[in-house]
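Scroll down for the structure; my scribbles are underneath it.
The values are calculated or read from the model by the stated rules, or taken from the named source; none is laboratory data. Not measured: the values here are computed from a predicted model. FYI the Cβ positions are ideal-geometry reconstructions off the backbone, even for glycines, and counts take in every protein chain you see.
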Amino acid sequence: MKAKHLVVLAILPLIAIAAVACRLTAGITQTHQPEATEDFGPAPGPLTFAPDTLPTARAGEMYEATIRIIGNVTPVGDFSVSNGSLPAGLELVFVEGEDAAIISGIPEGAGVSTFAVSVWCFGTQVSGQSGDKEYTLVVEG
């Protein structure tokens, strides 16, 4: 026998089993219809940045302020300054595993800086939450 014939002969019993299974289930009536959509709970709300305002800094002196994210469903992936800039001498550093970032350093001069802090969170099979908050940081002389 040729190889093609052997393949056909091997598949025929599987086709017969499938046909019997179809006949057996054709008369069964399903009494429970599954919901069209799954309930994954309420959609997550917007991210909350804390604190709402940053403490005042003093030029030439060490400054440190922590920004925490509240209301995230998944861990924070990263923080960044997205609009504007921090005062010279300060930097924003993400603290992994704590859903927080720290602004720290020694401000070089007096002034007022306005900037936005952006954050994104990891997703679970979809895009994660994200948000940004505008802050104003006053550096006194």
For this session: Among what's in the stretch 90-135 and is under 28 Å from Arg58 (Cβ atoms) and among the hydroxyl-bearing types (Ser, Thr, Tyr), pick the residue that is surrounded by the fewest Cβ atoms within 10 Å (Cβ to Cβ).
Result: Thr114
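Yes/no per residue for (1) of a type in the set (Val, Ile, Thr); (2) at pLDDT 90 or above; (3) surrounded by 10 or more Cβ atoms within 10 Å (Cβ to Cβ); (4) in a helix (DSSP H, G or I):
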position	(1), (2), (3), (4)
Leu24	no, no, no, yes
Asp39	no, no, no, no
Ala43	no, no, no, no
Thr53	yes, yes, yes, no
Leu86	no, yes, yes, no
Seminar exercise, completed: When Val73 is run through (1) in contact with a Pro (Cβ under 8 Å, 6 or more places away or on another chain); (2) modelled with pLDDT of 95 or more, the failure sits at (2)
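Restricting to the stretch 85-101, name every residue that is touching an Asp or Glu at 6+ places or on another chain (Cβ under 8 Å) and more than 21 Å from Gln129 (Cβ to Cβ). Break it down stepwise before answering.
In the first step, residues of the stretch 85-101 are kept if they are touching an Asp or Glu at 6+ places or on another chain (Cβ under 8 Å); the result is 87-89, 94.
If the condition is that a residue be touching an Asp or Glu at 6+ places or on another chain (Cβ under 8 Å) and more than 21 Å from Gln129 (Cβ to Cβ), then Pro87, Ala88, Gly89 are the ones that fit.
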